[in-house]
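Notes for the one structure printed next.
The values are calculated or read from the model by the stated rules, or taken from the named source; none is laboratory data. Computed from a predicted model, the values in this text were never measured in an experiment. FYI the Cβ positions are ideal-geometry reconstructions off the backbone, even for glycines, and counts take in every protein chain you see.
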Amino acid sequence: KYGQSKETKTVKRTITYQDTDKKPVNGSPNGTSSYEQEVIFTRTALKDNNGKIVGYDKNGDGKVDTTDASAAWVTSKDSMDEVVSKTPSSVGYDMVDKSSVTGVSNITPDQKVDDVVVTYSKYGKSTETKTVKRTITYQDTDKKPVKGSPNGTSSYEQEVTFTRTALKDNNGKIVGYDKNGDGKVDTTDASAAWVTSKDSMDEVVSKTPSSVGYDMVDQSSVAGVTSITPDQKLTDVVVTYSKYGKSTETKTVKRTITYQDTDKKPVNGSPDGKSSYVQEVTFTRTALKDNDGKIVGYDKNGDGKVDTTDADQAWVTSKDSMDEVASKTPSDVGYDMVDMSSVAGVTNITPGQKVDDVVVTYSKKYHTDVESKNVNRTIEYYDSVTNTKIPSNLEDTVTQTATLARKKIFDSQNKFIGYGTISEDGTSYKLDDGWTVESQTWIKQDSKNLKAYGYTDPDKAFVEAAIVDGNTEDTTVKVYYGHQYESTTIYKPGTQIVHYVDNNGNKVFEDKVQTDDKAFSATQTTDKVTGVVTTSAWTGTKTFDEETTPFKDDYHADRKTAGGLAATVENPNVEDKVVYTPNGKLIPVDPEGNKIPNAPTPTIPTDPKDPTKTVPSTDIPDVPNWTPVNPGKTDTPKNPSDDKKVPYTNYCLTEKYVDTEGKELLPSVTRDTRYTTGEKYDVTKDTKVIPGYVLIKTTDTTGTFAHSDKTAVFTYQKVGKIVPVDKDSNPIPGADTPSYHNDPKDPSKVTPNEDIPTVPGYTPVDPSSVTPKDPTKDTLVPYSKNEKPSEPVTPVTPEAKYGLTEKFVDESGKELLPSENKGTDYKTGDSYDVTGDAKKIDGYELVKTTDIIGTFAHSNKTAVFTYKKVETPVTPVTPVPTFGLTEKFVDENGKELLPSENKGTSYKTGDKYDVTKDAKVIDGYVLTKTTDTTGTFDRSDKTAVFTYQKVGKIVPVDQHDNPIPNADTPSYHNDLTNPAQVIPEEPVPSVPGYTPSVPQVTPTEPTKDTPVPYSKDVTPVAKHSLTEKFVDESGKELLPSVTKGTDYKTGDSYDVTSDAKKLAGYKLVKTTDATGTFGDGDKVAVFTYQKVEKAKKPQPAKKAPSQPTKPGTKDRKTISRPTGPNTPGMTNETEVSTSTLTKSKTPSRSGSPLAPGQVQAATTNTDRARLPQTGSDNEQSKLLTGLGLAALAATALLTVLDIKKRKN
């Protein structure tokens, strides 16, 4: 049995626990300051009797499990567990830099695992402040200071100061904030860590304008600011005082009186002797404006003060009326009459009023005289053809007359004014120069019938009667007569001639003639008035029939039909022509298209059915020593005149030498190209001896040519081998297997009596030579194994590699070409065949091959090609080019991940390859694509590319699918058996403070990250309380504290402003934390009150004028309360009716002041009128009764004082 020897290797990791001063801290799981982890590997070697290691036992059964020393190490566990550090608080610290030390997996024997230091520390502190300021400046419109602030200065400042205390770790990194000074983290939100005693600024009331010598102020108070934040930027405020500005505007109301006569000519009839008179009333208005130009009112008496705010009532004038205006008498201005002796005055004129203008008209008396004229209608009769009048003896001109009249107007001095009419009293006229007529009519006039004189009916059988009016003018009416005519038709002939000629113009057939005697016509017309005779233009077109073209042998016509021409008036005699052209000829040509000398060339025949075409010829001429390619008939040329080439041919005989797969072993040989149809051939004797192959079949090596080329095929098959076998007929490993040698005289045979190879360690059963029965089949030669090796056998290293070299030598062993290296990566058992690498060498022929086919044993191989010098020059053969195959391993960007590998440089065109299985496992990457890993070589090198992509990761994510900060994201591990895959069931990483949804994942895509949802470990929600305190300015409690709740959580908002109590003898002056948001602690809302002094003596209140009750409201009785200052947010009236609303007269302390007209909730029996709860309900009743009696007494007192005042 094998001897054994064991060895061990230990991988260690030490975890040290200390503080920032490097003092030990007992933070390990077992409460010590140091913690060690170990992984122990063992390896058991198996040795032979000489002490040489033959392998390794991994499972303790004493047998060799592996010969790989590095793979022989075994361990019970190849990982170190995660080590959890103790919590900082349990060892007296605030922080620890590693809550746990990550475990280590897949540890190897020679791995170095780094030691780890875990550090505990306490927080450091730093405090910062922020101040929010606001400055209020008081000035006038010239920017001069005004002492308008509450303290009598021109400037007023307000501030709110915030502080923030940060807690920091040893690296100065902030871990949180302390809000209550206990040194602990209250919040990690920096923006929520700021604290202040007061986060608001109070309202600031400006002094009244009159108290500082001005009329106006733009802000009676500057509003307070609440809920101020540390980074808030408050805008400074400017309060401006000013005096009123003035502006004056005017409005003028006008009336214009115009004086004219009835012709609208000016008349100087006004009191001041002019033709126009204007009256005006002017209004003014003075506006008072503030600094923004806004009108605040109007000054009506010039004292600079507001007298009214009604813009319409602000207009003033010295006089608001226009006087009556008397017109001059008509005789003073040369007229007989005037329509207005005076224009009435206008009173109570207003600024926007429109007073109408007035026209005063003067006039004279008029008389008329009559003027008349005649208007005529003349009817004339015309010849429409000659445009002359019809002779008077047949029809004479007719004239019809009517009389028109109009009146002339004259003034009292007999001056002509114009045409028209005057009024009954003669004081006015109306111009109209139109004529008038009494009822008159031009009568109907009939036209005569003149057909007997050769005329037609007139265009007007009569002229209509017409009514004459004032607009009628002289007019002429023309009546036209036409002429009567007689017509007859006349004719003339047309002809068509078709000529038949050859291409030289010689007559081939007689002409064909067609004639039509009435081809064209015209019309003769006689005028019955004048007797003149006229002839119209000739018209008509004659289309003659077509003529069929006659057939002519050996000629073709240019058309099948002729004629069918159209004769016209301009060309009455038309001619056509048919031309005959000789047909083309058949021209015998050789395969190059050249005419065969002395060959007959017959004419191509004409088609009997179509004289314009030829027909395919069946009369193919017989040409000695030539064979027509298409012996049946020829095609017809497109142009019948063209000659038609008839191809004749000789045939080619080609010899091919191929293997059983059709691959050519020697270049093809062309025997001859002059064979003709029917000629016989026999090339059986052209077989060749091809080294390494024997002839097994011939195809078409004898035969007769028909109508195509011939190919004689000699098919060869590889020769067999002599294969040494053991007693069980199994091939002996590593033994030479020489191929048979060709018979140099018979291509189908191999030489007899082949020597058998020597096999080390074996003896042939029959040492005689071998004569193969089938030259293509292997011959098995039995060998027996020697009992003792004839010589020591050197142990073979499994991974030994060998080279293959090719030599090209003559019969003396001299190299004819340089040796070629075919590869150095061959291993024992690899087979090879370089038969196809034989080269064509000028002046030599291949006569022998040695070891060109074989299998590698335990040494290099040399394939030898032996050549014999020949006298006849050998046609040079171009060397077969070879190509290389390279493998590349790259990522998706083309970057090489491993060095390239050369897979060989001897590939030839047509060689196939497949290196798909050469894909490698690359750590951290998976195979995603292969390019050109299989294929066939053409005429260039090949590169097989294996493309990889980085593996994905396991990414811990939170509930919103966002990656968890600082969490480990381990990459997938490669599947060592498949380069394209990663291992399944990958463990998910540990994330402090989180729990994974699954313990392991199997990636669906090796290159894509896998998000793994983690849930945050739930920390119990802290609950906080809210307490209300009611204190005086010294902090003394006026009422017991009130707990508003104990279940508030961080982030909850609250507002208890309305919980302020009404305390007798006190007024609320300040609230602290009455609104806010819970952070990480309890809240206390503080209401601070100030004591108020009692009034010395009640002051009588002025009685306001009685107001009618507003619709929709209830009558209510109020009693004056003779107390001191008003309680904030309440009026000095206590409601005793059921009304629930009253206007507040003081600003609300709990927020902004109420806007004008804003209504605040009034006190009722169950709300604000209730006193603070300082005792039992009985005590409250007594207090309320006392207040009620006091109110009644105050009311009675005010009533007496009011009556007394009215009497006075």
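Selection within the range 687-726: residues that are part of a strand (DSSP E or B) and among the aromatic types (Phe, Trp, Tyr). The member of this set that is nearest to SER769 (Cα to Cα) is TYR693.
Every listed requirement among (1) assigned to a strand (DSSP E or B); (2) surrounded by 14 or more Cβ atoms within 10 Å (Cβ to Cβ); (3) not assigned by TED's automatic domain parsing to the domain that holds THR1075 is met by ALA967 save one, (1). All of (1) assigned by TED's automatic domain parsing to the domain that holds ALA402; (2) in contact (Cβ under 8 Å) with a residue 40 or more places away in the chain hold for LYS460 with one exception: (2).
Residue-level analysis places ASP94 among those that are at pLDDT below 90, surrounded by 13 or more Cβ atoms within 10 Å (Cβ to Cβ), closer than 12 Å to TYR120 by Cβ and outside the structural domain of LEU167 (by TED's automatic domain parsing). Considering the range 522-551 alone, what residues qualify as being more than 28 Å from VAL385 (Cβ to Cβ) and in contact with a Ser or Thr (Cβ under 7 Å, 6 or more places away or on another chain)? Listed by number, the residues that qualify are GLY540, THR541, GLU546, GLU547, THR548, THR549, PHE551. Yes or no: TYR455 in contact with a Phe, Trp or Tyr (Cβ under 7 Å, 6 or more places away or on another chain), assigned by TED's automatic domain parsing to the domain that holds ASN387, more than 19 Å from VAL477 (Cβ to Cβ) and of a type in the set (Phe, Trp, Tyr)? The answer is no for TYR455.
Mind checking which residues of the range 220-250 are among the hydroxyl-bearing types (Ser, Thr, Tyr) and in a strand (DSSP E or B)? So that I can check it myself, show each step before the final result.
Step one: list which residues in the range 220-250 are among the hydroxyl-bearing types (Ser, Thr, Tyr), which gives 220-221, 226-227, 229, 235, 240-242, 244, 247-248, 250.
Once the filter is applied, which keeps residues that are among the hydroxyl-bearing types (Ser, Thr, Tyr) and in a strand (DSSP E or B), the range 220-250 yields SER221, THR240, TYR241, SER242, SER247, THR248, THR250.
Quick check on ILE40: is it among the aliphatic types (A, V, I, L, M), without any contact (Cβ under 8 Å) to a residue 60 or more places away in the chain and closer than 27 Å to GLY103 by Cβ? Judged against the criteria, ILE40 is a match. If only residues of the range 362-392 that are at pLDDT 90 or above and not in a strand (DSSP E or B) are counted, the one that is surrounded by the fewest Cβ atoms within 10 Å (Cβ to Cβ) is ASN387. Checking the structure you have, find out if any residue of the range 478-486 is of a type in the set (Lys, Arg), under 17 Å from VAL385 (Cα atoms) and assigned to a strand (DSSP E or B). Among the residues of the range 478-486, at least one is of a type in the set (Lys, Arg), under 17 Å from VAL385 (Cα atoms) and assigned to a strand (DSSP E or B), which makes the answer yes. Only residues that are loosely packed, with under 13 Cβ neighbours inside 10 Å and farther than 22 Å from VAL11 by Cβ were counted in the range 38-59, giving 5.
No other residue among ASP622, ASP700 is without any contact (Cβ under 8 Å) to a residue 24 or more places away in the chain and loosely packed, with under 12 Cβ neighbours inside 10 Å apart from ASP622.
Residues are listed down the side, and each one gets a yes or a no for (1) loosely packed, with under 15 Cβ neighbours inside 10 Å; (2) on the phi < 0 side of the Ramachandran plot; (3) not assigned by TED's automatic domain parsing to the domain that holds LYS143:
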{"residue": "LYS198", "(1), (2), (3)": "yes, yes, no"}
{"residue": "GLU203", "(1), (2), (3)": "yes, yes, no"}
{"residue": "GLY213", "(1), (2), (3)": "yes, no, no"}
{"residue": "ASP261", "(1), (2), (3)": "no, yes, yes"}
{"residue": "VAL267", "(1), (2), (3)": "no, yes, yes"}
{"residue": "SER270", "(1), (2), (3)": "no, yes, yes"}
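When restricted to residues that are free of Cβ contacts under 8 Å to residues at least 40 places away in the same chain, surrounded by 14 or more Cβ atoms within 10 Å (Cβ to Cβ) and not in a strand (DSSP E or B), the range 65-84 contains 4.
Counting only residues that are among the aliphatic types (A, V, I, L, M), give me the strands (runs of 3 or more DSSP E) lying completely in the range 638-684 with at least 1 of them.
Result: 644-649, 651-659, 664-675.
Of the numbered criteria (1) under 22 Å from SER392 (Cα atoms); (2) surrounded by 16 or more Cβ atoms within 10 Å (Cβ to Cβ); (3) hydrophobic (A, V, I, L, M, F, W, C), the one ALA461 fails is (2). Among residues that are of a type outside the set (D, E, K, R) and assigned by TED's automatic domain parsing to the domain that holds LYS512, THR627 is not included. All but one of (1) under 20 Å from THR475 (Cβ atoms); (2) of a type in the set (Lys, Arg); (3) touching a residue at least 40 places away in the same chain (Cβ under 8 Å) hold for LYS365, so report the exception by its number. Going through the list (1) under 20 Å from THR475 (Cβ atoms); (2) of a type in the set (Lys, Arg); (3) touching a residue at least 40 places away in the same chain (Cβ under 8 Å), LYS365 breaks only (1). The set of residues in the range 988-998 being under 19 Å from VAL104 (Cβ atoms) and loosely packed, with under 15 Cβ neighbours inside 10 Å consists of PRO992 alone. Here VAL296, VAL253 are screened, and the one residue that is in contact with a Leu (Cβ under 6 Å, 6 or more places away or on another chain) and outside any loop (DSSP other than H, G, I, E, B) is VAL296.
Each residue in the range 338-361 was checked for being surrounded by 13 or more Cβ atoms within 10 Å (Cβ to Cβ) and more than 30 Å from TRP315 (Cβ to Cβ), and 4 of them qualify.
Based on this model, can you work out whether GLY103 counts as surrounded by fewer than 18 Cβ atoms within 10 Å (Cβ to Cβ) and on the phi > 0 side of the Ramachandran plot? No, not satisfied.
In the range 918-963, of all residues being in a loop (DSSP other than H, G, I, E, B) and of a type in the set (A, V, I, L, M, F, W, C), the one that is farthest from ASN978 (Cα to Cα) corresponds to PHE937.
Table: residues versus (1) in contact (Cβ under 8 Å) with a residue 24 or more places away in the chain; (2) surrounded by 15 or more Cβ atoms within 10 Å (Cβ to Cβ); (3) assigned to a strand (DSSP E or B).
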position	(1), (2), (3)
VAL809	yes, yes, yes
LEU816	yes, yes, yes
SER819	no, no, yes
LYS822	yes, yes, yes
ASP825	yes, no, yes
GLY829	yes, no, no
TYR832	yes, yes, yes
LYS840	yes, yes, no
LYS848	yes, yes, yes
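On the basis of being free of Cβ contacts under 8 Å to residues at least 24 places away in the same chain, touching a strand residue (DSSP E or B) at 6+ places or on another chain (Cβ under 9 Å), acidic (Asp, Glu) and under 30 Å from LYS848 (Cα atoms), does ASP682 make the cut? Yes, satisfied. Among the conditions (1) free of Cβ contacts under 8 Å to residues at least 60 places away in the same chain; (2) among the acidic types (Asp, Glu); (3) over 30 Å from ASN821 (Cα atoms), the only one that ASP968 does not satisfy is (1).
Scanning the range 1045-1076 for residues that are in contact with a helix residue (DSSP H, G or I) (Cβ under 8 Å, 6 or more places away or on another chain) and within 22 Å of ASN180 (Cα to Cα) turns up THR1071, ALA1074, THR1075.
May I ask you to verify whether THR751 is out of contact with any Phe, Trp or Tyr (no Cβ under 6 Å at 6 or more places or on another chain), among the polar types (S, T, N, Q) and within 25 Å of THR862 (Cβ to Cβ)? For THR751, the condition - out of contact with any Phe, Trp or Tyr (no Cβ under 6 Å at 6 or more places or on another chain), among the polar types (S, T, N, Q) and within 25 Å of THR862 (Cβ to Cβ) - is met.
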